[in-house]
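Trainee: Got a structure for you, written out below as structure tokens; questions coming shortly.
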Amino acid sequence: GPLHGIPVLMKDNMDTGVKMLTTAGSLALVGAAARRDAFVVERLRAGGVVILGKTNLSEWANIRSTRSTSGWSARGGLVKNPYVLDRNPCGSSSGTGAAIAANLAAVGVGTETDGSVVCPSSVAAPVGIKPTIGLVSRSGIIPIAHSQDTAGPMTRTVTDAAMLLNAMAGADPRDAATSSAPAAREDYTAALKTNALRGARIGVARSQYFGYSTQADALIEQAIADMKAQGATIVDPADIPTAARLDACEIEVLLYELKADLNAYLATRGTAAAASTLRDLIAFNERERAREMPYFGQELFIRAETKGPLTAPEYVAAST
């Protein structure tokens, strides 16, 4: 196959059976191996890859605290940006992004809920893709929220990203979001054409996402010019007036789904883990405060634990 013998690194929130630990960066899951591979890991093994190991991440994919540091976990310490060692590597998939940028493996896999693939890709320069929900299975991946979670390729070239996505995509009986998808997907490498941007319409949400950094703005302006030169139609501005109203809804959805989805996942890890529920995790972190919470707390975990079921009116309103 096209990925036979290719070395790959996996973010440490994807189950890899008994071969290596899967911890989300938390000491609570150290020593308790997952019982089977995540579906995406099964797909990659079937495609012939060699899994070199797991990459560090923002503990629990940055959902424990509003004050968390990208790339820090109690198990792995702090990820560093390989280009500028004292700069933030960004996003919970920062370990995969840094490893691929530093050429520690040919390709890597990250996961994203909201920015965890695209952010490290923006600061360390790998190619990152967040696939549409349902294209790549989420089963066996430590969750935040089923409505937004997905795994995605992180590579050094667009071609490699397309080839890796080919191997990752597929229908999984354990993930209902993929159930209507065919087992064999289209070949994403077929879209790799020099004139691929010709006729594309690209909107520039100028009032929402510019002005934070003059240097970053300059890079984006050059990218816009480059895309236009390649035949894209630039719609500028294409502002999103309701963008600011989405934040409160999103965090409400994430907290409700975190409690439901994480409890369901932890139940698959058995009694060997130090935590079988979100409540157990909160208690573990308090007991291990010196190791688990030397820099920031777990206020988002605590807020999530107070949430009710996914039938609660507040969740239904926020998610619709």
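Trainee: Would you work out the charge dipole size for the stretch 195-271 about its Cα centre, treating the Cβ of every Lys and Arg as +1 and the Cβ of every Asp and Glu as -1, and quote it to the nearest 20 debye? Write out the running numbers ahead of the final one.
Mentor: On the way: 7 positive and 10 negative charges, 50 e Å.
Approximately 240 debye in magnitude.
Trainee: Taking all protein chains together and a probe of 1.4 Å, list Thr306, Thr113, Thr233 from the most accessible to the least accessible. Don't skip to the answer; put the middle values down first.
Mentor: Numbers: Thr306 105, Thr113 15, Thr233 65 Å².
Ranked from most to least accessible, the order is Thr306, Thr233, Thr113.
Trainee: Please find, in a Gaussian network model of the chain (springs between Cα atoms separated by less than 10 Å), the residue of Ile144, Ile282, Ile100 whose mean-square fluctuation is greatest.
Mentor: Between Ile144, Ile282, Ile100, it is Ile282 that shows the largest mean-square fluctuation.
Trainee: Going down the table (Lys11/Lys80; Lys11/Lys259; Lys11/Lys228; Lys11/Lys307; Lys130/Lys193), which pairs top 23 Å between alpha carbons? It would help to have the intermediate numbers written out before the result.
Mentor: Details: Lys11/Lys80 15 Å; Lys11/Lys259 21 Å; Lys11/Lys228 35 Å; Lys11/Lys307 28 Å; Lys130/Lys193 20 Å.
The pairs that break the limit, which is 23 Å between Cα atoms, are Lys11/Lys228; Lys11/Lys307.
Trainee: Among Asp217, Asp15, Asp114, which one moves the most in a GNM of the chain with springs linking Cα atoms closer than 10 Å?
Mentor: Asp217
Trainee: Which one of Arg75, Arg279, Arg245 has the biggest mean-square fluctuation once the chain is modelled by GNM with Cα springs under 10 Å?
Mentor: Arg245
Trainee: Restricting to bridges with both residues inside the chain, how much of the DSSP beta-bridge set is antiparallel, in percent to the nearest 5? Write out the running numbers ahead of the final one.
Mentor: Numbers: 12 of 23 bridges.
That works out to approximately 50 percent antiparallel.
Trainee: Still on this structure, please answer the following. Restricting to the stretch 8-124, what percent of DSSP beta bridges are antiparallel, rounded to 5?
Mentor: Numbers: 3 of 10 bridges.
For the stretch 8-124, the DSSP antiparallel bridge percentage is about 30.
Trainee: Could you provide, to the nearest whole Å², the per residue accessible area of the stretch 149-232 with probe 1.4 Å? Present the calculation step by step, with values, prior to reporting the outcome.
Mentor: Details: 5020 Å² over 84 residues.
Here the per-residue accessible area is 60 Å².
Trainee: In the chain, which Cys residues have no partner Cys with a Cβ closer than 4.7 Å?
Mentor: By the Cβ distance rule, which asks for a partner under 4.7 Å, the isolated cysteines are Cys249.
Trainee: For the chain, with the dipole built from +1 on Lys and Arg beta-carbon atoms and -1 on Asp and Glu ones, taken about the Cα centre, which of Ser26, Thr150, Thr311 lies farthest toward the positive end?
Mentor: Ser26
Trainee: In whole percent, how big is the carbon plus sulfur part of the accessible area of the chain, probe 1.4 Å, protein atoms only?
Mentor: On the way: 8570 of 15230 Å².
Using a 1.4 Å probe with all protein chains present, the chain comes out at 56 percent carbon and sulfur.
The values are calculated or read from the model by the stated rules, or taken from the named source; none is laboratory data. Not measured: the values here are computed from a predicted model. FYI the Cβ positions are ideal-geometry reconstructions off the backbone, even for glycines, and counts take in every protein chain you see. Side chains included, ligands, DNA and RNA excluded: accessible areas come from the protein's heavy atoms. Shrake-Rupley method; radii C 1.70, N 1.55, O 1.52, S 1.80 Å.
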